[in-house]
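Structure record follows, encoded as structure tokens.
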Amino acid sequence: MYRNILVAVDGSENSMRAGKQAAQLASLIKGVEVTVLYVSDFDEDSNEKFHDGGSIEFELSRKKKTQPVREALDREKVFYETKVMHGRPAPVIIEVANDGDFDLVIIGSRGLNPISEMVLGSVSHKVVNQVRCPVLVVK
């Protein structure tokens with residue numbers, strides 16, 4: 001069964017649902033570890049720094065986007081760690097998933113960028129096609 005689960009979140013409704021699915025699934029498996037990954041996009045970073053005017057607000061924004069997932073994992077008493085990385089979401093998620101010892105990646109079907117989505121969000125589509133372990137896409 002699964003021992004290490006990677007759940008990618010971006011603050012969107014679908015990523016929150018993905019996080020809740022991760023918490024529910026992980027609660028059924030003894031000894032599982034979950035990594036909550038938030039990838040801060042370079043373009044998004046520059047816009048937020050400009051508008052927020054400081055790194056404290058910037059960090060609080062990141063925590064808000066992962067908070068519902070962390071709360072769901074806490075409720076289910078699942079061991080987890082949170083990672084915040086910088087870069088383009090798809091390549092970073094793929095690299096973390098392929099370089100880590102993950103048995104499963106859980107990701108929302110569509111994120112916060114409606115322009116780059118078609119049937120399946122461009123990030124989730126790339127992750128499904130390039131990650132070597134199973135991927136659960138949640139809508």
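The values are calculated or read from the model by the stated rules, or taken from the named source; none is laboratory data. From a predicted model like this one, the values you see are computed outputs, not experimental measurements. Please note: Cβ atoms are built from the backbone with ideal geometry, for glycine as well, and neighbour counts cover all protein chains shown. These area figures cover heavy atoms from the full protein model, side chains too; ligands, DNA and RNA do not enter into them. Shrake-Rupley method; radii C 1.70, N 1.55, O 1.52, S 1.80 Å.
Going by accessible area, probe 1.4 Å, with all protein chains left in place, what is the ranking of 1, 16, 85, largest first? Numbers along the way, then the final one.
Working: 1 165, 16 20, 85 70 Å².
Ranked list, largest accessible area first: 1, 85, 16.
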* Asked: If Lys and Arg each add +1 and Asp and Glu each add -1, what is the summed charge of the other residues whose beta carbon sits under 15 Å from the beta carbon of residue 3?
  -> -3
* Asked: residue 103: accessible area at probe 1.4 Å, nearest 10 Å²?
  -> 50
* Asked: With every protein chain present, what accessible area does residue 63 have (1.4 Å probe, heavy atoms only), rounded to the nearest 10 Å²?
  -> 100
* Structure fact -> Once the in-chain neighbours fewer than 8 apart are removed, the lysines whose Cα is under 27 Å from residue 20 read 30, 63, 64, 65, 77, 83, 126, 139
* Asked: How much length is gained if the chain between residue 86 and residue 24 is pulled fully straight, taking 0.36 nm per residue apart and subtracting their Cα-Cα distance, in nm to one decimal?
  -> 19.6 nm
* Asked: In square angstrom, rounded to the nearest 10, how much accessible surface does residue 60 have for a 1.4 Å probe?
  -> 100
